[in-house]
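Q: To start, I am sharing the structure in question, which I have written as structure tokens.
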Amino acid sequence: MTYADTVLAGGTVFTSDAVRSTATAVAVSGERIVAVGHDEVRELIGPKTEVVDLGGRMLVPGFQDVHVHPVWGGLDMLRCDLGSLLTRTDYLARIGEYAAAHPELEWVLGGGWSMSGFPGGTPLARDLDTVVPDRPAFLPNRDGHGAWVNSRALELAGVTKDTPDPADGRIERDADGNPSGTLHEGAMALVNHLLPRTEDATLVEALQVGQSYLHSFGITGWQDAIIGFYGDAGDAGPAYRTASEQGLLTGRVVGAIWWDRARGVEQIPELVAKREAYSHGGFAATSIKIMQDGVAENFTAAMIDPYLDGHGHPTINDGISFVPPEVLAEAAPALDALGFQLHFHAIGDRAVRESLDAVQAAIAANGRNDHRHHIAHIQVVHPEDIHRFRELGVTANMQSLWAALEPQMVELTLPFLGEPRSSWQYPFGDLLRSGATLAAGSDWSVSTPDPLAAIHVAVNRKSAPAYSEGEYEEFLPEQAIDLGTSIAAYTAGSAYVNHLDECGTIAVGRLADLAVLDRDPFVHPVDEIGETRVLQTFVGGRRVYSD
């Protein structure tokens with residue numbers, strides 16, 4: 001008899017297959033699953049077999065995050081990391097401590113602050129000047145759609161009262177029109193181009209830090225949502241290639257190459273060359289990231305109707321479509337014909353519609369194929385567009401952690417969307433009922449990469465206790481989805497998007513990408529889902545994380 005290398009038994013196995021079957025034991029030999037069942041699997045235990053006693057806990061397929069930024073997140077962890085803090089006072093204290101500890105640095109870099117920590121979501125240069133008075137500071141917020149800069153940075157960049165807003169961004173200003181310290185969207189480039197370039201070795205280190213962090217949450221594969229554009233960090237594509245060549249890349253990764261929104265289809269040959277240059281081993285640079293709009297909190301998400309002002313009256317601002325629809329209509333068919341997957345960022349209902357229109361144009365030009373295009377974030381979706389996801393074969397890429405009431409939603413979003421538009425947010429239930437394919441991601445370092453925290457929100461439409469910033473009611477509870485569907489989206493659904501068809505489910509012959517949870521969340525109250533933790537993570541049968 002040939003014995004297994006590892007047997008995991010004594011708990012519940014959520015297979016994530018089409019019928020959501022369960023088992024109690026799994027055997028692994030090499031990198032693949034060789035048995036799924038019950039007591040009979042124990043017959044494969046030999047003298048050298050490692051037996052993992054699940055102890056009544058649950059085994060699930062490894063989670064896959066199909067919209068995440070591990071290099072960006074890893075860099076934040078190596079620099080001035082603000083991601084765990086919530087208030088202006090705490091941010092300034094952390095920045096001051098970091099600056100004092102690193103007097104040798106030419107720039108103070110890092111990020112991860114939350115807009116809800118500041119009035120109007122916009123921090124001030126004069127505050128940052130109190131802790132970093134001697135050199136420039138550049139600190140993007142958690143979502144990467146804005147940056148906090150000090151006066152020295154504005155001075156070096158020549159940003160003054162007379163500097164016009166770029167077409168794809170906005171300079172936050174005081175009552176006299178002077179730059180106040182927050183740069184939105186494309187306005188970040190006014191300072192960003194001055195930042196010292198991050199060394200290639202630092203990028204590889206950041207990738208390893210980010211990868212380890214993802215593994216600690218049971219994540220075995222992901223789609224890096226920005227390859228080829230990291231501001232001062234340069235291009236993460238070579239870091240992935242180096243990590244793969246050196247055997248440092250333990251996750252299964254698809255890279256989404258950045259579409260330069262300031263250019264048109266003339267850039268496509270360069271994207272093809274990057275796909276060839278970067279792809280190696282477990283890293284496939286086969287997707288194209290199209291940032292179609294910004295975010296609702298700074299009024300750059302592209303809306304069909306204008307935003308409201310603070311008194312509920314319509315304004316003249318309906319956000320920004322970063323890629324003009326006519327360019328999308330030309331680019332999408334061309335990219336699709338070359339075998340690229342399209343990965344759209346779309347927050348506003350107009351951006352979602354423009355992204356769906358682009359896929360429809362690609363189908364009209366090339367016919368249907370198996371590229372598995374997807375739209376991430378899908379915050380505001382017009383009801384008339386719900387059915388189009390299924391009809392066009394576009395996967396709804398959910399960042400479900402955000403589908404809850406919290407200060408940023410209550411103070412910076414709802415008053416400016418108004419009704420009925422506020423009730424169109426994160427319509428996961430409607431998408432599921434329409435027959436759409438669901439996948440999931442975190443957008444870390446925008447928010448935690450913890451899949452169980454996101455799943456908690458998808459099921460409860462409330463933040464998990466550990467991530468809650470206050471007591472709020474359920475947010476649009478009719479859009480909740482069940483626990484099994486949410487886990488399946490984060491496993492089989494995301495593996496589908498990444499073309500990792502040998503992952504995402506637990507079945508004989510599949511790759512042994514697995515995560516051991518500290519409980520069976522199905523037998524606990526649903527309001528405790530977010531308390532679930534990952535104990536062990538395996539990629540191809542190899543343990544890459546253990547608590």
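The values are calculated or read from the model by the stated rules, or taken from the named source; none is laboratory data. Just so it is clear, the structure is predicted and the values come from calculations on it, not from any experiment. As a convention, Cβ positions derive from the backbone with ideal geometry for all residues, glycine included, and neighbour counts pool all protein chains shown.
Q: Check Val459 against each of (1) under 14 Å from Thr15 (Cα atoms); (2) aliphatic (A, V, I, L, M); (3) surrounded by fewer than 24 Cβ atoms within 10 Å (Cβ to Cβ) and name the one condition it does not meet.
A: Unmet condition: (1).
Residue-wise test of (1) modelled with pLDDT of 95 or more; (2) touching a Lys or Arg at 6+ places or on another chain (Cβ under 9 Å).
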{"position": "Arg32", "(1), (2)": "yes, yes"}
{"position": "Ala35", "(1), (2)": "yes, no"}
{"position": "Glu43", "(1), (2)": "yes, no"}
{"position": "Asp53", "(1), (2)": "yes, no"}
{"position": "Met58", "(1), (2)": "yes, yes"}
{"position": "Asp65", "(1), (2)": "yes, no"}
{"position": "Leu75", "(1), (2)": "no, no"}
{"position": "Arg88", "(1), (2)": "no, no"}
{"position": "Glu97", "(1), (2)": "no, no"}
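Q: In addition: For the stretch 121-230, list the strands (runs of 3 or more DSSP E) that sit wholly inside it and hold at least 3 residues that are closer than 29 Å to Gln267 by Cβ and not assigned by TED's automatic domain parsing to the domain that holds Gly540; which are they?
A: The qualifying strands (runs of 3 or more DSSP E) are 146-149, 169-173, 179-185, 219-227.
Q: State whether one or more residues within the stretch 244-264 are part of a helix (DSSP H, G or I), in contact (Cβ under 8 Å) with a residue 40 or more places away in the chain and not aromatic (Phe, Trp, Tyr). Let's see the steps before the verdict.
A: Initially, the stretch 244-264 is screened for residues part of a helix (DSSP H, G or I), giving 244-245.
Going one step further and asking which of them are in contact (Cβ under 8 Å) with a residue 40 or more places away in the chain, we end up with none.
The answer is no, given that none of the residues of the stretch 244-264 is part of a helix (DSSP H, G or I), in contact (Cβ under 8 Å) with a residue 40 or more places away in the chain and not aromatic (Phe, Trp, Tyr).
Q: While we're on this one: Could you give every pair whose Cβ atoms fall below 6 Å, whose first residue belongs to the stretch 282-305 and is within 30 Å of Thr242 (Cβ to Cβ), and whose second residue is charged (D, E, K, R), counting only separations of at least 6 or pairs across chains?
A: Here the result reads Gly282/Arg252; Ala285/Arg275, each pair linking the stretch 282-305 to a residue that is charged (D, E, K, R).
Q: Also: Would you call Asp443 touching a strand residue (DSSP E or B) at 6+ places or on another chain (Cβ under 7 Å) and either under 18 Å from Ser114 (Cα atoms) or assigned to a helix (DSSP H, G or I) (or both)?
A: Answer is yes for this residue.
Q: Sort out which residues of the stretch 490-535 are in contact with a Cys (Cβ under 6 Å, 6 or more places away or on another chain) and under 22 Å from Val41 (Cβ atoms), and write them in order of number. Show your work before the answer.
A: Going residue by residue through the stretch 490-535, those that are in contact with a Cys (Cβ under 6 Å, 6 or more places away or on another chain) are 495, 511, 513.
Answer for the stretch 490-535, where residues must be in contact with a Cys (Cβ under 6 Å, 6 or more places away or on another chain) and under 22 Å from Val41 (Cβ atoms): Leu511, Asp513.
Q: In the stretch 200-210, which residue that is surrounded by fewer than 23 Cβ atoms within 10 Å (Cβ to Cβ) and at pLDDT 95 or above is nearest to Ser445 (Cα to Cα)?
A: First, pick out the residues of the stretch 200-210 that are surrounded by fewer than 23 Cβ atoms within 10 Å (Cβ to Cβ): 200-202, 204-205, 208-209.
Next, only the ones that are at pLDDT 95 or above stay: 204-205, 208-209.
Working: Val204: 17, Glu205: 16, Gln208: 15, Val209: 12 Å.
The selected residue is Val209.
Q: Still on this structure, I have one more. Given the structure, is Tyr98 without any contact (Cβ under 8 Å) to a residue 24 or more places away in the chain and on the phi < 0 side of the Ramachandran plot? Before you say what the answer is, go through the steps one by one.
A: Numbers: without any contact (Cβ under 8 Å) to a residue 24 or more places away in the chain: yes; on the phi < 0 side of the Ramachandran plot: yes.
Answer is yes for this residue.
Q: Next up: Can Lys289 be described as modelled with pLDDT of 95 or more, more than 19 Å from Val381 (Cα to Cα) and in contact with a His (Cβ under 9 Å, 6 or more places away or on another chain)? Steps first, answer last, please.
A: Numbers: modelled with pLDDT of 95 or more: yes; more than 19 Å from Val381 (Cα to Cα): yes; in contact with a His (Cβ under 9 Å, 6 or more places away or on another chain): yes.
It is true that Lys289 is modelled with pLDDT of 95 or more, more than 19 Å from Val381 (Cα to Cα) and in contact with a His (Cβ under 9 Å, 6 or more places away or on another chain).
Q: Within the stretch 410-423, work out how many residues are surrounded by fewer than 21 Cβ atoms within 10 Å (Cβ to Cβ) and assigned to a helix (DSSP H, G or I).
A: Residues in the stretch 410-423 being surrounded by fewer than 21 Cβ atoms within 10 Å (Cβ to Cβ) and assigned to a helix (DSSP H, G or I): 8 in total.
Q: Name the single residue that is farthest from Gly393 (Cα to Cα) among those in the stretch 434-461 being of a type in the set (D, E, K, R) and in contact (Cβ under 8 Å) with a residue 60 or more places away in the chain.
A: Looking at residues that are of a type in the set (D, E, K, R) and in contact (Cβ under 8 Å) with a residue 60 or more places away in the chain, I get Asp450.
Q: Please verify whether Tyr91 is hydroxyl-bearing (Ser, Thr, Tyr) and either touching an Asp or Glu at 6+ places or on another chain (Cβ under 7 Å) or free of Cβ contacts under 8 Å to residues at least 24 places away in the same chain (or both), treating the condition exactly as stated. Outline the logic, then answer.
A: Details: hydroxyl-bearing (Ser, Thr, Tyr): yes; either touching an Asp or Glu at 6+ places or on another chain (Cβ under 7 Å) or free of Cβ contacts under 8 Å to residues at least 24 places away in the same chain (or both): no.
In short, no.
Q: Which one of these does Val272 not meet: (1) touching a Leu at 6+ places or on another chain (Cβ under 6 Å); (2) assigned to a helix (DSSP H, G or I); (3) among the aliphatic types (A, V, I, L, M)?
A: (1)
Q: In this structure, is Thr505 crowded, with 20+ Cβ neighbours inside 10 Å, touching a helix residue (DSSP H, G or I) at 6+ places or on another chain (Cβ under 7 Å) and either at pLDDT below 95 or assigned to a strand (DSSP E or B) (or both)? Please lay out each step first, then the result.
A: Details: crowded, with 20+ Cβ neighbours inside 10 Å: yes; touching a helix residue (DSSP H, G or I) at 6+ places or on another chain (Cβ under 7 Å): yes; either at pLDDT below 95 or assigned to a strand (DSSP E or B) (or both): no.
Criteria not met by Thr505.
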